[in-house]
Amino acid sequence: MLKWDELWLDAHLATMTGAPSEATDEPYGAISDGVIATVGDRIAWVGHRADLPAQPEHLARNVTSLNSAWVTPGLIDCHTHLVFGGHRAGEFEQRLKGESYETIARRGGGILSTVETTRAATETELTAAATSRLASLYAEGVTTVEIKSGYGLDLDTELRMLRAIRRVADIFPGTVKATFLGAHTVPREYEGRPDDYVDVVCHQMLPQVVKAGMADAVDVFCERIAFTPAQTARIFEAARAAHLRVKLHADQLSDSGGAALAARFGALSADHLEHANQPGIQAMAQAGTTAVLLPGAAYFTHSTTPPPIAQCRSLGVPIALATDCNPGSSPATSLLCILNLACTLFRLTPEEALSGVTRHAAGALGLSDRGTLEVGQRADFAFWAINEPSELSYWMGANPCLGVVCGGRNTLTRQPPTLTGSS
Ligand code: NIG
Ligand code: FE
């Protein structure tokens, strides 16, 4: 009797169960000479080959050898701004000549310049550009991605961005979660009247977005160049009334008390956190809010202040990592590159880094059905041509991904390129 649809063997499994810090656990929750099997879109069996209840051929319709490849949960990029028009390479040059990210934003560049190019783009153009960025993530084993709006800052363009996100979701074999970031910055039309814009976000934009069922969560940029904690709290109240969970761009450039504010509203995550204060991290620990670290943004903006990682570790705040892919502070379309940056810039261990793009990234999106290789979890996983899982953080620019399974379906298989000739 064949119980399972697919069975992969001759594999090493990084199940990512157990906490990285617990010395008694096998690092990465690793299982050598492992087997993973699926029924429909779920994982049906994970374990040592020696523990299989029968011969593989008697258990599954299809049996595939992975020739000693590693298997990890499908990677999760839990903070991106993949949908936007244009780019900001010119600002990159200005910053290299000495201007700061904040000065450029105060002059009306920064996010506002991408708002102009996004307003000028059609839904089809936005969808095509985002699809190509998502393709890069997917080729590196990303099976779940969060995408924010926030470069429209008017109802029409915010809805256009959210429709583009939905169109990207329709063609992606994995999962897309949409986040409404209408409060990314104060648009030009409301210069000097930020509270009037907050009214528009709360009473006009959010109700339309909710009515159309276009967002899974609400985000705000709480910062001295964007929204105050009081304005952020008003938007979070409106989100709460609409039964949407919140996330926060918190304490990136200065300490705005963002970490504590996020915790007060039971946020799924507080992101960036370079300048977060100690009581704020304590509050996050109590609220179960995930810290999403964005080393791509820290690197690209030359930030010299690392986020409070030791404190997150000691208080048990889960640490997730993401690309923050956006045209201004992190034009990154490689989550593997982010793993490397997290280890080199923030001194995360490779195991913490991998947890940050699997189980803890799932937590940052409020998803409990993925991020580990366990029976009953969604069958999202990636195959890797590596000898040990730390290689995922080690290589800079290599892509050892051999294949991706999304919801039990083998959706992407990449033949490693070969050089001919004698070796
Ligand atoms: O996460 N900090 C706010 N938002 C983005 C940057 C957006 C931009 O510069 O276009 C971030 O870093
Ligand atoms: Fe961001």
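The values are calculated or read from the model by the stated rules, or taken from the named source; none is laboratory data. These numbers were taken from a predicted model, which means no experiment stands behind them. Cβ placement follows ideal geometry from the backbone for every residue including glycine, while neighbour counts extend to all protein chains displayed. In case anyone asks, the SASA skips ligands and DNA or RNA and just uses the protein heavy atoms, side chains included. Shrake-Rupley method; radii C 1.70, N 1.55, O 1.52, S 1.80 Å.
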Filter pass, residue 218 being within 16 Å of ligand 1 (Cβ to nearest atom), in a helix (DSSP H, G or I) and either open to solvent by 40 Å² or more (accessible area, probe 1.4 Å) or out of contact with any Asp or Glu (no Cβ under 8 Å at 6 or more places or on another chain) (or both) = no
ask   = Among (1) among the hydrophobic types (A, V, I, L, M, F, W, C); (2) modelled with pLDDT of 95 or more; (3) within 16 Å of ligand 2 (Cβ to nearest atom), which single condition is residue 129 missing?
value = (3)
query = Could you say whether any residue in the stretch 194-211 is part of a loop (DSSP other than H, G, I, E, B) and of a type outside the set (Phe, Trp, Tyr)?
reply = no
request  = Look through the stretch 260-278, keep the residues that are among the polar types (S, T, N, Q) and farther than 24 Å from residue 354 by Cα, and return whichever of them is least open to solvent (accessible area, probe 1.4 Å).
outcome  = 277
message = Of everything in the stretch 279-325, what is within 16 Å of ligand 2 (Cβ to nearest atom), small (Gly, Ala, Ser) and open to solvent by less than 10 Å² (accessible area, probe 1.4 Å)? Give them in sequence order.
response = 291, 296, 297, 298, 320, 322
inquiry  = Can you go through 353, 320, 332, 382 and tell me which one is within 20 Å of the chain's Cα centre (by Cα), assigned by TED's automatic domain parsing to the domain that holds residue 299 and in a strand (DSSP E or B)?
reply    = 320
ask   = Has the stretch 245-258 got at least one residue that is over 21 Å from residue 147 (Cβ atoms), away from ligand 1 (no atom under 16 Å from the Cβ), in contact with a helix residue (DSSP H, G or I) (Cβ under 7 Å, 6 or more places away or on another chain) and not in a strand (DSSP E or B)?
value = yes
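Could you list, in sequence order, the residues of the stretch 24-53 that are aromatic (Phe, Trp, Tyr) and either open to solvent by less than 10 Å² (accessible area, probe 1.4 Å) or under 24 Å from residue 351 (Cβ atoms) (or both)?
Our first condition is that a residue be aromatic (Phe, Trp, Tyr); within the stretch 24-53, this holds for 28, 45.
Passing the criteria: only 28.
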query = Which numbered condition trips up residue 345, out of (1) in a loop (DSSP other than H, G, I, E, B); (2) among the hydrophobic types (A, V, I, L, M, F, W, C); (3) open to solvent by 30 Å² or more (accessible area, probe 1.4 Å)?
reply = (1)
task = Give the residue that is nearest to ligand 1 (Cβ to nearest atom), with candidates limited to residues of the stretch 284-316 that are among the β-branched types (Val, Ile, Thr) and over 17 Å from the mean Cα position of the chain (by Cα).
result = 301
note = Filtering the stretch 348-383 down to residues that are open to solvent by 30 Å² or more (accessible area, probe 1.4 Å), under 18 Å from residue 146 (Cα atoms), in contact (Cβ under 8 Å) with a residue 60 or more places away in the chain and of a type in the set (D, E, K, R) yields 359, 378
ask   = Taking the stretch 234-256 as the region of interest, how many residues are within 14 Å of ligand 2 (Cβ to nearest atom) and on the phi > 0 side of the Ramachandran plot?
value = 1
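Would it be correct to say that residue 176 is at pLDDT 95 or above, over 30 Å from residue 139 (Cα atoms), of a type in the set (A, V, I, L, M) and open to solvent by less than 30 Å² (accessible area, probe 1.4 Å)? Can you show your working first?
On the way: at pLDDT 95 or above: yes; over 30 Å from residue 139 (Cα atoms): no; of a type in the set (A, V, I, L, M): yes; open to solvent by less than 30 Å² (accessible area, probe 1.4 Å): yes.
Answer is no for this residue.
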task = Among the residues of the stretch 79-105, write down those that are of a type in the set (D, E, K, R) and more than 13 Å from ligand 1 (Cβ to nearest atom).
result = 93, 97, 99
